[in-house]
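Asks: This is the structure I want to talk about, given as structure tokens.
The values are calculated or read from the model by the stated rules, or taken from the named source; none is laboratory data. Just so it is clear, the structure is predicted and the values come from calculations on it, not from any experiment. Glycine gets a Cβ as well: all are built from the backbone with ideal geometry, and neighbour counts include every protein chain shown. Surface areas here come from the heavy atoms of the whole protein model, side chains and all, with no ligands, DNA or RNA. Shrake-Rupley method; radii C 1.70, N 1.55, O 1.52, S 1.80 Å.
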Protein chains: 2
Amino acid sequence: MTQAKVAELLDSNQFLQEFQVKGWVRSFRSNRFIALNDGSTINNLQCVIDFENTDEDILKRITVGAAIGVKGTLKESAGSQQRVEIEVNEVKIYGDANPEEVKLTILSPKRHSLEKLREQAHLRVRTNTFGAVMRVRSKLSFAVHSYFQQNNFHYVNTPIITGSDAEGAGEMFKVTNLDLKNLPKNEDGSIDYKKDFFGKETNLTVSGQLEGETFALGLGQIYTFGPTFRSENSNTSRHLAEFWMIEPEVAFCDLDGNMDLAEDFIKYVLKYVLEHCKDDLEFLDQRLSNEDKAKPKAERSEMGLLEKLHFVLDNNFKRVSYTEAIDILKNSKPNKKKKFNYLIEEWGADLQSEHERFLVEKHFKSPVILFDYPANIKAFYMRLNEDGKTVRAMDILFPGIGEIVGGSQREERLDVLQDKMKALEIDEKELWWYLDTRRFGTCVHSGFGLGFERLVLFVTGMSNIRDVIPFPRTPQNAEF
Amino acid sequence: MTQAKVAELLDSNQFLQEFQVKGWVRSFRSNRFIALNDGSTINNLQCVIDFENTDEDILKRITVGAAIGVKGTLKESAGSQQRVEIEVNEVKIYGDANPEEVKLTILSPKRHSLEKLREQAHLRVRTNTFGAVMRVRSKLSFAVHSYFQQNNFHYVNTPIITGSDAEGAGEMFKVTNLDLKNLPKNEDGSIDYKKDFFGKETNLTVSGQLEGETFALGLGQIYTFGPTFRSENSNTSRHLAEFWMIEPEVAFCDLDGNMDLAEDFIKYVLKYVLEHCKDDLEFLDQRLSNEDKAKPKAERSEMGLLEKLHFVLDNNFKRVSYTEAIDILKNSKPNKKKKFNYLIEEWGADLQSEHERFLVEKHFKSPVILFDYPANIKAFYMRLNEDGKTVRAMDILFPGIGEIVGGSQREERLDVLQDKMKALEIDEKELWWYLDTRRFGTCVHSGFGLGFERLVLFVTGMSNIRDVIPFPRTPQNAEF
């Protein structure tokens, strides 16, 4: 008797062989047909019961949500819905699911809103949509590792708890093990952080970039892939307080190389999931199309999910300087007709989501890489161009998602970096180690950050970022 | 002109071809021989300069730590130390490294203590030892993902910030964005956590297991691999406040299956790094052997590093029940001669590190899986055996490292779990979602946790856990 997964059996040709398979009942029709799912695939295995020879008590306990095991023979199915089925010899009930209680949960066999699914995040992986999203997420994350490892990048775990707050002023969560009810104080009444676990104030990281740079300037090319945090009070469908970020960093690489890397990387991972998540993506494609049908025509997507993924794969990302983009926006219809909430009047304006969407979705109709942004709207570590007013920054904008990648060539010149930090009142003592990398064998280097959940959002066609991470953390919500 | 990595060129037979290679100077002898390293391998590329035709100013700037690029021809080397070398046509200095300043750092070409390396954690990846450790760490982490993905496990990112503290009472870091200088208070003087970001008290996770279980009971088999935290004040060579943990969880799997999985998994990743990190492991093997030579004979390792890795690969882990282990320990020499700090007198004793080491290193001389521990020294979620006093727990003990894996079959019976929680005063309301998994289609399931840094420690032969993670977090230390 071979123990098998549903996914294997659905692909199997070992007819008349005996198998055992275990999973959860998705439906039970006519006291005969069990649709069994074990999480290995979105598809269910039809298990056909000989109800006349099955104990009445067992039959009653085959209910939606119950955990069962069946032993039986693999057969070609007579039905048109499936290629194979199991002719069951024996059913075992492992865990019941009381139908009256199941009714109150999202396990009950009817359509539930995504909001309701979120409230039962501990069960939602047992629904078709969420199961598919989580399998795709898993494969995507492996594609990320595979890409970088194949290209000889070294994976680096930069610290989560950080004592340096140079980057995220104001948006960082504090980490402490002090007793908040009885905080130790200095003589002047301030909090005595020397008594805290780390002997100083510490926060949750907003980015591993600065530490990642120190590793790239030794190992050559590295990537991080870990959780990052923002305590920003943004209750939107695109923001999470805790999310996973991918940050490659490459020594001896300039901004053009950085763009090439980002584009090649994104295309690789899309291609990977198209190959490895066929069933799940087809389901999600269908799901999106059904959602769309319920919408007014004007709000429907121009492309289906799979079509959109192939479109990104098959086309070059359009590379446009910030200055060109401003020109396009200034002369655009929505700007002239004052349809933008923020009108673009002059060079130097920070682009809003509405502008990015216009460029990507209306003007270029393709992913866009914007580069060479004004220095004063970008971070201190980005390399100053010869013009003295722009920096070698790039953002990659995706249809429907907006910014999916933010990166730059880093300022490798010690003196320029010091001047910039002085101007922005960033304490050199805080970043002595970062400056050291510019003292000892500095070189041109570049990197970018990609918010993993934005990528999952794009690939799965979901519309709320809370539906692409197992247990979302957002303002006023840290359940489970 | 082909841009190439040092690792490629050292393996190349493309003699007389022109290459460009960029990296950092490790040494410069006789104004002629540059040892160039770019992080792609532990080995350096010999670049031979024609100093008579090279600008004096350039020659002076080729110093230890400088970032340079060379263009030249790949040749077979006349020297005995290397197979190939680059005959240099052109040198470019990207970033200088002032020799007077380099002297004060760990980049200077002499032996530095591991303690000193830790103080300059931003530069230590440019040393042989630490570069090797970090490359092995990267490959090990990919081996982890590869193993589980090949075996159809789904990767799950369980939450880092958690509102549930059922497991880690007292050892968790608090996460907050309240202003500690001005904490909002309720009328009774207690802190008003409703005003905090998540509207409640939150902590950093100590384990993703409970959330992981909810996913396994839907997706079938999952694994996590992410950071976990302990605010325990343990200043030892085996403890970190922030470390990475791997936690697989499998539905329909009992403790025996769990042991099989753990052993198979560990052997896979060891085999993987033996195949993919040959040069680095040979270096680390040699390093350990040199360290050993400096020690008194009694303290030396019985096996070399590579020998030890092969030994674990080639032998079955010894499976021993807690009860058998207590018998062995009670009758052991160190117990009878009162050499143990904690003498083993009766069944029920919690095993200390000295006992574990005796079992692994002296008695069995192999990795040991201890199982069926007394219920009262183990966690509430472990499955109670029929004897009513032991639980289906397992610990895997490794030579030199001690506990590397802790796992169990989980208590899948709702009533037994509820009784246990009541006895331990764990609030059911805190874990309503966890209990739900036992209400709706519960089943036998098992999983384990493996501290990734302990694995890296074992594989690299390093002796302090702070030397196998990029930026260690320990009591009074969150630098960088």
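Asks: Out of the stretch B:385-426, which residues are over 31 Å from the mean Cα position of the chain (by Cα) and either touching a residue at least 24 places away in the same chain (Cβ under 8 Å) or open to solvent by less than 20 Å² (accessible area, probe 1.4 Å) (or both)? If you could, list the steps in order and put the result at the bottom.
Replies: Within the stretch B:385-426, the first condition is being over 31 Å from the mean Cα position of the chain (by Cα), and the residues that meet it are B:385-389, B:413-426.
Selection gives B:ARG413, B:LEU414, B:VAL416, B:LEU417, B:LYS420, B:MET421, B:LEU424, B:ILE426.
Asks: I need the full set of residues from the stretch B:445-479 which are open to solvent by 10 Å² or more (accessible area, probe 1.4 Å), in contact with a helix residue (DSSP H, G or I) (Cβ under 9 Å, 6 or more places away or on another chain) and at the interface with chain A (Cβ under 8 Å from one of its Cβ atoms), in order please.
Replies: Answer for the stretch B:445-479, where residues must be open to solvent by 10 Å² or more (accessible area, probe 1.4 Å), in contact with a helix residue (DSSP H, G or I) (Cβ under 9 Å, 6 or more places away or on another chain) and at the interface with chain A (Cβ under 8 Å from one of its Cβ atoms): B:GLN476, B:ASN477, B:GLU479.
Asks: From the list A:ALA241, A:ALA262, A:ALA251, which one is small (Gly, Ala, Ser) and over 23 Å from B:ASP38 (Cα atoms)?
Replies: Details: A:ALA262 fails: over 23 Å from B:ASP38 (Cα atoms); A:ALA251 fails: over 23 Å from B:ASP38 (Cα atoms).
So the residue among A:ALA241, A:ALA262, A:ALA251 that is small (Gly, Ala, Ser) and over 23 Å from B:ASP38 (Cα atoms) is A:ALA241.
Asks: It is to be established whether one or more residues within the stretch B:129-142 are modelled with pLDDT under 95, closer than 23 Å to B:GLU275 by Cα, in contact with a Leu (Cβ under 9 Å, 6 or more places away or on another chain) and open to solvent by 20 Å² or more (accessible area, probe 1.4 Å). So that I can check it myself, show each step before the final result.
Replies: So in the stretch B:129-142, the residues modelled with pLDDT under 95 come out as none.
No: zero hits.
Conditions (1) of a type in the set (A, V, I, L, M); (2) touching a strand residue (DSSP E or B) at 6+ places or on another chain (Cβ under 6 Å), marked per residue:
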| position | (1), (2) |
| --- | --- |
| A:ILE49 | yes, yes |
| A:LEU59 | yes, no |
| A:ILE62 | yes, yes |
| A:ALA66 | yes, yes |
| A:GLY72 | no, yes |
| A:GLU87 | no, yes |
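Asks: Which count do you get for residues in the stretch B:1-34 that are assigned to a strand (DSSP E or B), closer than 27 Å to B:ASN98 by Cα and more than 14 Å from chain A (Cβ to nearest Cβ)?
Replies: Looking only at that region, the number is 2.
Asks: So, in the stretch A:255-296, exactly how many residues are open to solvent by 70 Å² or more (accessible area, probe 1.4 Å) and of a type in the set (D, E, K, R)?
Replies: Of the stretch A:255-296, the ones open to solvent by 70 Å² or more (accessible area, probe 1.4 Å) are A:256, A:260, A:264, A:271, A:275-276, A:278-279, A:282, A:286, A:290, A:293-296.
Still in the list and also of a type in the set (D, E, K, R): A:256, A:260, A:264, A:271, A:275, A:278-279, A:282, A:293, A:295.
The number of residues fulfilling the criteria is 10.
Rundown of residues vs (1) more than 23 Å from B:PHE252 (Cβ to Cβ); (2) in a strand (DSSP E or B); (3) of a type in the set (Val, Ile, Thr); (4) open to solvent by less than 70 Å² (accessible area, probe 1.4 Å), yes/no style:
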residue	(1), (2), (3), (4)
A:LEU74	no, yes, no, yes
A:SER80	yes, no, no, no
A:VAL88	no, yes, yes, yes
A:GLU100	yes, no, no, no
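Asks: Out of the stretch B:417-444, which residues are within 13 Å of another protein chain (Cβ to nearest Cβ) and aliphatic (A, V, I, L, M)?
Replies: To start, the set of residues in the stretch B:417-444 that are within 13 Å of another protein chain (Cβ to nearest Cβ) comprises B:417, B:429-444.
Within the stretch B:417-444, B:LEU417, B:LEU431, B:LEU435, B:VAL444 meet the criteria.
Asks: Residues being assigned to a loop (DSSP other than H, G, I, E, B) and open to solvent by 60 Å² or more (accessible area, probe 1.4 Å): count how many of those fall in the stretch A:326-342.
Replies: So the first thing to find is which residues in the stretch A:326-342 are assigned to a loop (DSSP other than H, G, I, E, B), and the list is A:331-332, A:337-342.
Then drop every residue that is not open to solvent by 60 Å² or more (accessible area, probe 1.4 Å), which leaves A:331, A:337-339, A:341-342.
Looking only at that region, the number is 6.
Asks: Which one of these is in contact with a His (Cβ under 8 Å, 6 or more places away or on another chain), free of Cβ contacts under 8 Å to residues at least 60 places away in the same chain and not aliphatic (A, V, I, L, M): A:PHE364, A:PHE358, A:PHE340?
Replies: On the way: A:PHE364 fails: in contact with a His (Cβ under 8 Å, 6 or more places away or on another chain); A:PHE358 fails: in contact with a His (Cβ under 8 Å, 6 or more places away or on another chain).
Only one candidate qualifies: A:PHE340.
Asks: Oh, and also: Of the numbered conditions (1) more than 30 Å from B:ALA7 (Cα to Cα); (2) within 11 Å of chain A (Cβ to nearest Cβ); (3) surrounded by 20 or more Cβ atoms within 10 Å (Cβ to Cβ); (4) under 20 Å from the mean Cα position of the chain (by Cα), B:TRP244 fails exactly one; give the number of that condition.
Replies: The one condition B:TRP244 does not meet is (1).
Asks: Continuing with this model, one more query. Of all residues in the stretch B:172-202, which are closer than 16 Å to A:ALA241 by Cβ, open to solvent by 20 Å² or more (accessible area, probe 1.4 Å) and more than 7 Å from chain A (Cβ to nearest Cβ)?
Replies: Answer for the stretch B:172-202, where residues must be closer than 16 Å to A:ALA241 by Cβ, open to solvent by 20 Å² or more (accessible area, probe 1.4 Å) and more than 7 Å from chain A (Cβ to nearest Cβ): B:TYR193, B:LYS195, B:GLU201.
Asks: One residue is enough: does the stretch A:238-246 have a residue meeting the conditions within 30 Å of A:ARG392 (Cα to Cα), basic (Lys, Arg) and assigned to a loop (DSSP other than H, G, I, E, B)?
Replies: We begin by selecting, within the stretch A:238-246, every residue within 30 Å of A:ARG392 (Cα to Cα); these are A:238-246.
Subset that is basic (Lys, Arg): A:238.
Pick out the ones that are also assigned to a loop (DSSP other than H, G, I, E, B) and you get A:238.
Yes, there is a match, as at least one residue in the stretch A:238-246 is within 30 Å of A:ARG392 (Cα to Cα), basic (Lys, Arg) and assigned to a loop (DSSP other than H, G, I, E, B).
Asks: If I ask for residues that are of a type in the set (A, V, I, L, M, F, W, C) and in contact with a strand residue (DSSP E or B) (Cβ under 7 Å, 6 or more places away or on another chain), which ones from the stretch A:33-47 would you list?
Replies: If the condition is that a residue be of a type in the set (A, V, I, L, M, F, W, C) and in contact with a strand residue (DSSP E or B) (Cβ under 7 Å, 6 or more places away or on another chain), then A:PHE33, A:ILE34, A:ALA35, A:LEU36, A:LEU45, A:CYS47 are the ones that fit.
Asks: Give me the residue from the stretch B:208-241 that is open to solvent by less than 20 Å² (accessible area, probe 1.4 Å) and either among the basic types (Lys, Arg) or more than 10 Å from chain A (Cβ to nearest Cβ) (or both) and, out of that set, nearest to B:PHE317 (Cα to Cα). Let's see the steps before the verdict.
Replies: At the first step, the residues of the stretch B:208-241 found to be open to solvent by less than 20 Å² (accessible area, probe 1.4 Å) are B:208-220, B:222-229, B:231, B:240-241.
Retained after the next criterion (residues that are either among the basic types (Lys, Arg) or more than 10 Å from chain A (Cβ to nearest Cβ) (or both)): B:209, B:240.
Numbers: B:GLN209: 24, B:LEU240: 27 Å.
Here the answer is B:GLN209.
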